[in-house]
Amino acid sequence: MEPLNKGLVGNPPAYPEKVLQFGEGNFLRAFVDWQIDVMNKQDLFNGSVVVVQPRGQEKIEKLNAQDGLFTLYLQGVKEGKPVKEHTIINSISRGINLFTHYHDYLELAMSPILRFVFSNTTEAGIAFHEEDRLEDRPQKSFPGKLTAFLYQRYQAFQGDKEKGMIIIPCELIERNGERLKEIILKYAGLWHLGEEFAQWIHEANTFCNTLVDRIVSGFPRETIEEVTEELGYHDPFVVVAEHYHLFVIEGPKWIRQEFPAHLAGLHTLFVDDMTPYRTRKVRILNGAHTAMTPVSYLYGLDTVAEAIDHEVAGEFVKGLIYDEIIPTLDLPPDELRSFADAVVERFRNPYMQHFLLSISLNSLSKFKTRNLPSLLAFYNRTQELPRKLVFSLAALISFYKGKRGEETIQLADDPDVLNLFSKQWSQYNGTSESVMAIVTSLLGYEKLWEQDLNEIPGLTAAVTRDLYEIETVGMKQAVEAILGKKIASIRGEL
């Protein structure tokens, strides 16, 4: 079957390159690139995206081979009815391989019409690497790559303040735009790029804080044969997402004129303060995702829908949301419960095959961002530890052992994190003392947590107890013990 390319679909229109995008992954393609495609089809944006891969290079080559095109399936309940629809997205003009064509990357910096930068490099991506240098081709970190790009642009236009960029990161870290700007200025100082460049960063560029919300299950590997048969062409970049989407951008209102998603009927909001939107979404939806992943996967489940509908795992996740996360949030209870109800229904989307392993990327940094604030807030308010959040942390440590029974888990995280877990688990000998040593070391990993979690009263002992239970009796019995009488009463009703 012929691969997807522009010739196959009648040579769709080309658009001026207005956007530099760091990340070729499923989420950005199903969220930002889709929104740009929607605006282009309504003659509202008239721009395309140049993609660079933050790490690696193989996907960029494959994406270029099909002219930047890919197929997006939107599946779920729309206006009360189950809807499954697909479209070819034509908003990516090309991808640049930074390892072989870094000169093209620097040349793009000199484009007078380039205006936006979008990124999604996961929570671990917006980070400072002191070993990065301006001369590197490319730099290791995403902020390092962007600093080099902006410095090239600054030089090319001789500090023209009309040639700054609108920078809109989509990583799920708090105040992501501000954090990215801080790191760029840190590189500017480390690399001795000058005070005038730092002023240009401040005065010519607009860094926006954001919140993104759409469940993207990714490549439909379980059904790709029937998908390919339906499409009539081969597309290794097919991506599946739900209909629901929300993009909250904290920034000047004038950006709407250049990125008029609201005029295209998209749920994109430009606000003065995105904090209430972010806290609600990250703690409930993303927090539930991160907490459910190790528990449900080690239980033997593979997808979000399986987990939320499972007698045991589902009760665990819902109890965690309603009993431990919602009580820590300072928003009207009815509003929070309504949002949580909608999240649970989105998890149940009958069309979505949202694999738990796809959520597990960089799980440790995700737990810090999404779940640790709820755990700490619950303790500060009640002087008690939240039972299910603590258990999910223990489950995460067990998950990073890299085994589900005899099956090897393909862990995906920063090499330092993987090395730390590998070293700790190599010392496990089946005793509670060895479990305590593992937990103490990991909770004391201040490079990640930015604090010593062993100092939280009772946490080390609680995580140790749960982890020892998981390792000795297995996840199924350990979860049921956490749920106690509640799960017993459920069984009695069946």
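Placing unit charges on the Cβ atoms only, positive for Lys and Arg and negative for Asp and Glu, gives the chain a dipole magnitude near 360 debye about its Cα centre. Can you show me the helix-derived [θ] at 222 nm for the chain, built from DSSP H runs with n ≥ 4 at -39,500 (n - 2.57) apiece and divided by the number of residues, rounded to the nearest 500. Using -39500 (n - 2.57) per qualifying helix, the result is -13500 deg cm²/dmol.
Pulled fully out, how much extra length does the chain show between Asn380 and Asp160, if you take 0.36 nm times their separation in residues and subtract their Cα-Cα distance? If you can, show how the numbers build up before the last one.
On the way: separation 220, 0.36 × 220 = 79.20 nm, distance 4.94 nm.
That works out to 74.3 nm of additional length.
The antiparallel fraction among DSSP beta bridges confined to the range 17-271 stands at about 40%.
Applying both filters, DSSP loop and at most 10 other Cβ atoms within 10 Å, to the GluC sites (Glu not before Pro) of the range 13-94 gives Glu79. Spin-label model, Asp330/Thr87: points 7 Å from Cα along the beta carbon direction are separated by 4.0 nm.
What is the ratio of the Cα radius of gyration of the chain to 2.2 N^0.38 Å, with N the residue count, to two decimals?
Output field value: 1.00.
Rg over Rh for the range 275-493 works out to 0.94, using Cα positions for both radii and the Kirkwood form for Rh. The slack between Glu196 and Asn419, meaning 0.36 nm per residue of separation minus the straight C-alpha distance, is 76.2 nm. Counted by Cβ distance under 11 Å from Leu20, the other residues give a net charge of +3, where Lys and Arg count +1 and Asp and Glu count -1. For the chain, the longest principal axis of the C-alpha atoms and the axis of helix 142-156 are separated by about 20°. The mean of 1/r over all distinct Cα pairs in the range 179-253, once inverted, gives the Kirkwood hydrodynamic radius of 16.5 Å. Percent of Cα pairs in the range 200-327 per distance bin of 10 Å, from zero to the largest separation: 10, 27, 29, 24, 9, 1. Helix 432-443 and the long axis of the chain differ in direction by around 30°, with both axes built from C-alpha atoms.
Stretching the chain fully between Ser338 and Leu269 yields a gain of 22.8 nm (0.36 nm per residue, less the alpha carbon separation).
Kirkwood analysis of the Cα pair distances in the range 140-205 returns a hydrodynamic radius of 12.0 Å. When the alpha carbon coordinates of the range 40-136 are projected onto the principal axes, the ranges are 54, 31, 25 Å, largest first. Semi-axes of the range 102-186's equivalent ellipsoid from the Cα gyration tensor, sqrt of 5 times each eigenvalue, largest first, rounded to whole Å? For the range 102-186, the ellipsoid semi-axes come out as 21, 16, 11 Å. Specify the angular offset, from 0 to 90 degrees and rounded to the nearest 10, of the alpha carbon long axis of helix 372-382 from the longest principal axis of the alpha carbons in the chain. The answer is roughly 50 degrees. For the range 17-271, the calculated P(r), taken from all Cα-Cα distances in 5 Å bins from zero up to the bin holding the longest distance, is 1, 6, 13, 17, 20, 17, 12, 7, 4, 2, 1, 0 percent. Could you please state, rounded to a whole Å, how far the C-alpha centre of the range 85-119 is from the C-alpha centre of the range 226-278? When both Cα centres are located, 18 Å separates them. Averaging the Cα positions of each part gives two centres, and for the range 41-61 and the range 165-190 these lie 20 Å apart.
Here, each number is a calculation from the coordinates, and none is a lab measurement. None of these values were measured; they are calculated from a predicted model. Cβ: placed from backbone, ideal geometry, glycine included. Neighbour counts: every protein chain shown.
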